[in-house]
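A.B. asks: Encoded as structure tokens, here's the structure I'll be asking about.
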Amino acid sequence: MPLPAELRHTTREEVMFFDTDIGGVVHNLAYLRMIETCRTRLAALMGMNLKGMADTKLFPVVVRTEIDYKRPATLGDHLLIHGRLDELQRARFWCAFEIRRESDDALLITARQALALVQMPAGKPVRLPAEWGMDRDG
């Protein structure tokens, strides 16, 4: 079954104390954890749920992350993490993300991640499934 052209998912996070530095501002690694959660849910929509990956030993592996920090989030903020499938190539795919503060819709983060499918335990990259239906040069 081909993937929908507009594959999207949104998760919601509350900024916890462990997400922040001493000043109550979200640490850069916390944003990556939030993106990871959204990306995991997005992968499930692409047919890569956690149980299926464990069974097949085929995993999406992040090979590149690009992130722009626009404004800080702080302790107690509720954040919406919007993820979408951005681009499919022969051997990798890109997901794009925005993190927005729920209370004022302020754009805090934009990010893109490139992922490759890797067959474990050999660690061998594999082509994206033909049934995803959007194979392009790459």
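The values are calculated or read from the model by the stated rules, or taken from the named source; none is laboratory data. Treat the numbers as computed from the prediction; the structure is a model and nothing was measured. When we count neighbours, we look across all protein chains shown, and the Cβ atoms used for this are built from the backbone with ideal geometry, even at glycine. For the accessible areas, the whole protein counts, side chains as well, though only heavy atoms, and no ligand, DNA or RNA atoms are used. Shrake-Rupley method; radii C 1.70, N 1.55, O 1.52, S 1.80 Å.
A.B. asks: Starting from residues that are touching a Lys or Arg at 6+ places or on another chain (Cβ under 9 Å), open to solvent by less than 20 Å² (accessible area, probe 1.4 Å) and not in a strand (DSSP E or B), keep the ones in segment 5-27 and report whichever is farthest from residue 87 (Cα to Cα).
C.D. replies: Checked segment 5-27; the qualifying residue farthest from residue 87 (Cα to Cα) is 19.
A.B. asks: Also: Mind checking whether some residue in segment 37-56 is among the basic types (Lys, Arg), open to solvent by less than 40 Å² (accessible area, probe 1.4 Å) and within 30 Å of residue 124 (Cα to Cα)?
C.D. replies: Yes, there is a match, as at least one residue in segment 37-56 is among the basic types (Lys, Arg), open to solvent by less than 40 Å² (accessible area, probe 1.4 Å) and within 30 Å of residue 124 (Cα to Cα).
A.B. asks: In addition: List the pairs whose first member sits in segment 114-127 and is of a type outside the set (Val, Ile, Thr), whose second member is open to solvent by less than 10 Å² (accessible area, probe 1.4 Å), and whose Cβ atoms are under 8 Å apart, counting only residues at least 6 apart or on separate chains?
C.D. replies: Partner pairs satisfying both residue conditions: 114/93; 115/93; 115/95; 125/117; 127/117.
A.B. asks: Now for a different question. Which residue, of 76, 83, is on the phi > 0 side of the Ramachandran plot, of a type outside the set (A, V, I, L, M) and touching a strand residue (DSSP E or B) at 6+ places or on another chain (Cβ under 8 Å)? Give the steps one after another, and end with the answer.
C.D. replies: Details: 83 fails: on the phi > 0 side of the Ramachandran plot.
Only one candidate passes the filter, namely 76.
A.B. asks: So which residues in segment 80-100 are part of a strand (DSSP E or B) and in contact with a Leu (Cβ under 7 Å, 6 or more places away or on another chain)? First the steps, then the outcome.
C.D. replies: First pass over segment 80-100, keeping only residues part of a strand (DSSP E or B): 80-88, 93-100.
83, 84, 85, 88, 93, 95, 98, 99, 100, listed by residue number.
A.B. asks: Every residue in segment 57-79 that is acidic (Asp, Glu), under 24 Å from residue 17 (Cα atoms) and part of a strand (DSSP E or B), please.
C.D. replies: Hit for segment 57-79 is 68, nothing else.
A.B. asks: Does segment 97-109 include one or more residues that are open to solvent by less than 50 Å² (accessible area, probe 1.4 Å), among the polar types (S, T, N, Q) and at pLDDT 95 or above?
C.D. replies: no
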